[in-house]
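All remarks here apply to the structure that follows.
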Amino acid sequence: MMLAALLLVVQVGVAAQDPRLERLDPETRSVVVWVVDSARAVGLPSEPLIQRALEGATKGAAGPRIAAAVRRLATDLGTARTALSQRTSAPELEAGVAALRAGASPEVLTRLRDARRPPLTMALAVLADLVASGVPADSASAVVLAMAPTARDADLVEFRKAVERDISLGAPPGASAAVRAANTGIRFGTSDAAQNPSQPPRPPSRP
Amino acid sequence: MRVLALIGLACGAAVATASGQITPGLDAGIAAVKYDGFLLSGAASVAPSVRWDHPRGKGFVSARGTYLRFESGNRSLDASMRGSWFAALAPRWRGELGLGLGASDYASIAHFSHGIVDARVHLMDQVRGGWLATSFGQSSFGAGPRPVAVVAIGGWLLRADAAVFASFDRSFVGDTAYSDLRSSARLQRGVVLLEGTLGARILSDGAGRGVYGEASATVPLGGNTALIVAGGRYPTDVITGSIAGSYLSAGFRLGASGGGIRKPLPAARPRPAIPHSSSGADGSRGPLLPPAEARLEVAPGRSTDDPVKLTLYAAGARVVEISGDFTDWKPMELRRSLTNGEAWEGMFRMTRGIHRINVRRDGGPWTAPAGTTRSADDFDGEVGVFLLP
């Protein structure tokens, strides 16, 4: 506890010198610095928190709103790290937060960690993208988990692009994910792995 | 009488019994169908149906099954049942209580089912009418049931050899919501019955948008047989689980086709029940926002140390700025491309991973560009998220 407190004091001095945060008003800056340093003290990345504060400043958000956003992000980063691993990289944590906010559960993140070798950034980002595109969170999670053990990052990206193309053509997001998953050999809605998921998703097939 | 009814069913003839009229039917045909996301495919279908009508018009029950086989060898099975009971509420006013059930399976990959209860109030005379309806129920894809609610209003006009319909409905299936504005017509020209539908899906969140239309011609061949030629495009039906597609079909109908004022549906239209769902079990959903005016393209460098080229396509813009976590959220003005007057470019150093970006053109509001995943930011606005692999 003493060490943590000491770290906190030391880190406050470091963060307070970050010139980028001078764009915040003094009251907001002090809150943000406190959150950033607290996060850093427990090993969470500080840069995403600073960036969130700067985003709020650029968008003209009120100080309390900025502080709340930074606090919320710090909490989400902690949740993502708990679900993933203490050794998770900052990009993975950011992608994990995106997936959580999209609707994936912490359990899904943990299962993904167990199913795939790091880095998990791409898999988490694709999961978040699928849900943000309208694919139901449970369906998107099932697909990504099924592809995770052996699919390359490029395969996941190609899968996401294929679903986005379908959606832009008017296909319902869930149907597109189901069909695309079926085209890769995944039995949609089950945990069956793809027959050969290292192959990129096939182009549109006949029904 | 029961034996007679069964014989009638086998022969495709309507059988009147003391307890009502039973009308069997059998549609068989071939089609070329292009579902969204699939290649064009040939298909053959067989669809038996049966309908029972109350002798005094107080209600009906109909059931239909469809076996559809595609040229790939995949097959689709679909079964549905619909029943309605009518009651006189007042002069010219009628109430209707209905129940619809259905289930389908596509290639043993996807299963779908639904159950809907609806209530309608009709106001009608001999040549025109209108109705107001509300429906509730559940639609399930696999183990994920989702609530269904629909409100609809419609009207019809009847002439000697023609009928015209128009309706507007708003449907909610889980967190998917959409509206359909539809009009349709039936026209009798000699012995040929022509039917057409024109509609538009609007105000849609998760169920697609666009204009659709179908047309069919039914030509009696004698006896209880008719030739039906149909074609067109239809929208996704989120409740019953068919995805949007276009088709051209020809088939035969054995048995009475039925008449009266009802929604015309081409008989030989093949619709494999490829289930879909656009609502999460937890109700979560990314926001679907209107398309941005600018589209972002990201061109990573050859190595992770190389700067990344961002190109914004913004037709007609005089000034284009971006702001993102790779600029510390400082607005940066892009320069117009030397080769494309609608493209604006900039080189930025950024790390691999997820990035957030906003775009502003001509000093307007900050928006999320197309080409990114649009998300709600924490400040009552939107932000574009993209992944640098």
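The values are calculated or read from the model by the stated rules, or taken from the named source; none is laboratory data. All figures in this text were calculated on a predicted structure; none of them were measured in a lab. Note: ideal-geometry Cβ built from the backbone for every residue, glycine included; neighbour counts use all protein chains shown. Please note that ligands, DNA and RNA were not included when accessible areas were found on the heavy atoms of the full protein model with its side chains. Shrake-Rupley method; radii C 1.70, N 1.55, O 1.52, S 1.80 Å.
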Practice item. Inspect the range A:148-167 for any residue being open to solvent by less than 10 Å² (accessible area, probe 1.4 Å), under 21 Å from B:G384 (Cβ atoms) and not in a helix (DSSP H, G or I) and give the result as yes or no. Key: no
**Study point:** Residue ID - farthest from A:A171 (Cα to Cα), chosen from residues in the range B:23-63 that are within 14 Å of another protein chain (Cβ to nearest Cβ) and of a type in the set (D, E, K, R)
**Key:** B:K34
Exercise for review: State which residue is farthest from the chain's Cα centre (by Cα) when the search covers only the range A:66-102 and only residues that are free of Cβ contacts under 8 Å to residues at least 24 places away in the same chain and more than 9 Å from every other protein chain (Cβ to nearest Cβ).
Suggested key: A:R87
Exercise for review: Take the residues in the range B:185-207 that are without any contact (Cβ under 8 Å) to a residue 60 or more places away in the chain and closer than 20 Å to B:F172 by Cβ, then tell me which one is surrounded by the most Cβ atoms within 10 Å (Cβ to Cβ).
Suggested key: B:S204
Review point. Does A:A57 fit the bill of being touching a Gly at 6+ places or on another chain (Cβ under 7 Å), buried (at least 18 other Cβ atoms within 10 Å of the Cβ) and aliphatic (A, V, I, L, M)?
Key: no
**Study point:** Single residue of the range B:50-71 satisfying the filter (among the small types (G, A, S) and over 23 Å from the mean Cα position of the chain (by Cα)) that is surrounded by the most Cβ atoms within 10 Å (Cβ to Cβ)
**Key:** B:G59
Practice item. Would you mind telling me which numbered condition in (1) under 18 Å from B:T327 (Cβ atoms); (2) at pLDDT 90 or above; (3) open to solvent by 20 Å² or more (accessible area, probe 1.4 Å) A:R65 fails? Key: (1)
Exercise for review: Sort through A:V157, A:V131, A:V126, A:V143 and tell me the only one that's touching a residue at least 12 places away in the same chain (Cβ under 8 Å), closer than 18 Å to A:G174 by Cα and more than 9 Å from chain B (Cβ to nearest Cβ).
Suggested key: A:V143
Check your understanding: Which members of the range B:185-243 meet the condition of being in a strand (DSSP E or B), within 17 Å of the chain's Cα centre (by Cα) and at pLDDT below 80?
Key -> B:D205, B:S242
**Study point:** Single residue of A:A148, A:A102, A:A123 found to be modelled with pLDDT of 90 or more and under 19 Å from B:I354 (Cα atoms)
**Key:** A:A123
**Study point:** Residue count, the range B:133-168 (criterion: more than 18 Å from B:S242 (Cα to Cα) and either part of a strand (DSSP E or B) or among the polar types (S, T, N, Q) (or both))
**Key:** 19
Practice item. Inspect all residues belonging to the range A:103-110 and state whether any of them is away from chain B (no Cβ under 13 Å), closer than 29 Å to A:V35 by Cα and buried (at least 23 other Cβ atoms within 10 Å of the Cβ). Key: yes
Exercise for review: Note down all Cβ pairs under 6 Å where the first residue falls in the range B:37-61 and is closer than 30 Å to A:F159 by Cβ, the second is open to solvent by 40 Å² or more (accessible area, probe 1.4 Å) and among the basic types (K, R), and they're at least six residues apart or on different chains.
Suggested key: B:L39/A:R206; B:L40/B:K34; B:S41/A:R206
Check your understanding: So B:F86 fits all but one of (1) more than 27 Å from B:D125 (Cβ to Cβ); (2) crowded, with 18+ Cβ neighbours inside 10 Å; what number is the exception?
Key -> (1)
Practice item. Go through the residues of the range A:43-56 one by one and say whether even a single one is of a type in the set (G, A, S), farther than 16 Å from B:A376 by Cα, within 11 Å of chain B (Cβ to nearest Cβ) and part of a helix (DSSP H, G or I). Key: no
**Study point:** Residue list for the range B:323-349, restricted to those being modelled with pLDDT of 90 or more and over 17 Å from A:A53 (Cα atoms)
**Key:** B:M332, B:E333, B:L334, B:R335, B:R336, B:W344, B:E345, B:G346, B:M347, B:F348, B:R349
